[in-house]
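Beneath this line is the structure, given in structure tokens, with notes to follow.
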Amino acid sequence: MPLDLEKMEGDIFTSKGMVKAEFTFWVGLAMDKFYDGTTDQKFIGTKCSKCGKVFLPPRNRCGDCFAKAEEFVDLPGTATLKNFTITPWKITERRAKKGNKNALVGLVQVDGADSAFMTEILNTTEDKLEEGMKLKVVWAKRIKGHPQDIAGFEPVGGA
Ligand SMILES: [Zn+2]
């Protein structure tokens, strides 16, 4: 789209118009390593150098004691359901987007981690979910080193 030059004063001019600027940014060392892990269908967290807490998704610094958390640790694909809800809103979209049907969304703590994250709970129904139940990861069909590599979690042993 051509720029619409409106005003020029000395070396500075102003204009109105749309500028399309595509960009990429680095997610940082910890999340870069995390996505290396999801590419291989495994979880990689970080461990606090002082208190030993393990974070997944990984953090560079401990939120509790502020020490560095730069030791990478492999974590399993199993987890505990800490809490859950049902919602028509899709959580994998960057923008809030209402879906055609409700989704089960859970706060999931991967075994060996001290933190938890939100993800979709799959292949079950709300009435079968209980806080504290064991879950396992469901990887996406197409792995891309991307947040959506994690399709969600499902109950261990099926619904
Ligand atoms: Zn710590």
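A few notes on this one:
- Computed over the chain: relative contact order in percent, which uses C-alpha pairs under 8 Å that are six or more apart: 18 percent
- GluC sites (Glu not before Pro) within region 72-154, DSSP loop, no more than 12 other Cβ atoms inside 10 Å: GLU93, GLU130, GLU131
- Sparse packing (at most 15 other Cβ atoms within 10 Å of the Cβ) combined with a DSSP loop state is found for the following chymotrypsin sites (Phe, Trp or Tyr not before Pro) in region 58-154: PHE66.
- Relative packing of peptides 10-19, 36-45 - highest average C-beta neighbours within 10 Å first: 36-45, 10-19
- Placing unit charges on the Cβ atoms only, positive for Lys and Arg and negative for Asp and Glu, gives region 29-155 a dipole magnitude near 460 debye about its Cα centre.
- Cα lying deepest toward the dipole's positive end in the chain, options PRO88, PRO76, TRP26, charges on Cβ: PRO88
- Per-residue HN-Hα couplings for region 131-143 [Karplus 6.51, -1.76, 1.60; θ = phi - 60°; Hz; x = Gly/Pro]: 4, x, 6, 7, 10, 9, 5, 10, 7, 5, 5, 10, 8
- Amide H contacts under 5 Å for ILE150, placed H, 5+ residues apart: ALA140
- Computed [θ] at 222 nm, helices only, for the chain once each DSSP H run of length n ≥ 4 contributes -39500 (n - 2.57): -2000 deg cm²/dmol
We did not get these values from a lab; they are worked out from the coordinates using the rules stated. Predicted model, so just to flag it, every value in this text is computed and none were measured. FYI the Cβ positions are ideal-geometry reconstructions off the backbone, even for glycines, and counts take in every protein chain you see.
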